[in-house]
Amino acid sequence: MTRKLRFRLLLGSVFGLLLSIIALYFFLYQSHRDIASENAAFETSVSELSQRFINNPDSSTATYADQTISIYGNVTALDLKQNSITLDNKLIALLTKEEIKKVKNGDLVKVKGRFIGYDELFEELRMDQCIIED
């Protein structure tokens, strides 16, 4: 193998490694989602969504997991320490400190956020990054 060929192979390997590192960096450090500015993929009530998960949890998880949804229900509990509200005793929604100030127990609210899951044991729905919609 000639010296020129070895140099070209070394240069090509270094260039390929550099491109791989750059691609990996952009894959791992993608920009964060801004749920508040996204359009909701689904709009439903707490009772309707809960019933879908009770009837068919696997299909519902595939449909709603990590989706931005708008959901409405009555506030049945407030947790100011955790910045969370509970709607219809079925959905726990995590809000910011500013958003939680907009609601009180008994209010009918519409919440938009990222659906993160369903707890079959407690039959609870969970969302995060939520805002109160007008």
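Odds and ends about this structure:
- With respect to the conditions (1) in contact with a strand residue (DSSP E or B) (Cβ under 8 Å, 6 or more places away or on another chain); (2) in contact (Cβ under 8 Å) with a residue 40 or more places away in the chain; (3) not in a strand (DSSP E or B), I54 falls short on a single one, namely (1).
- Considering region 68-133, the qualifying strands (runs of 3 or more DSSP E), each wholly inside and each with 2 or more residues that are within 18 Å of R52 (Cβ to Cβ), run over 68-79, 91-95, 108-119, 124-133.
- Qualifying residues in region 65-77 (those that are open to solvent by less than 40 Å² (accessible area, probe 1.4 Å) and within 19 Å of the chain's Cα centre (by Cα)) - the one nearest to D34 (Cα to Cα): T68
- Residue count for region 1-49 satisfying the condition of being in a strand (DSSP E or B) and within 17 Å of the chain's Cα centre (by Cα): 3.
- Flag for A62 being touching a strand residue (DSSP E or B) at 6+ places or on another chain (Cβ under 7 Å) and either exposed (fewer than 14 other Cβ atoms within 10 Å of the Cβ) or without any contact (Cβ under 8 Å) to a residue 24 or more places away in the chain (or both): no
- Residues of region 2-38 satisfying the condition of being open to solvent by 100 Å² or more (accessible area, probe 1.4 Å) and among the small types (G, A, S): S31
- Put simply, of L91, L11 the only residue that is free of Cβ contacts under 8 Å to residues at least 40 places away in the same chain and more than 14 Å from E133 (Cβ to Cβ) is L11.
- Residues satisfying the stated conditions in region 35-50, i.e. within 19 Å of L108 (Cβ to Cβ) and of a type in the set (S, T, N, Q): T44, S45, S47, S50
The values are calculated or read from the model by the stated rules, or taken from the named source; none is laboratory data. In this text the structure is predicted, and so the values were computed from the model without any measurement. Note that each Cβ is placed from the backbone with ideal geometry, even for glycine, and that neighbours are counted across all protein chains shown. These area figures cover heavy atoms from the full protein model, side chains too; ligands, DNA and RNA do not enter into them. Shrake-Rupley method; radii C 1.70, N 1.55, O 1.52, S 1.80 Å.
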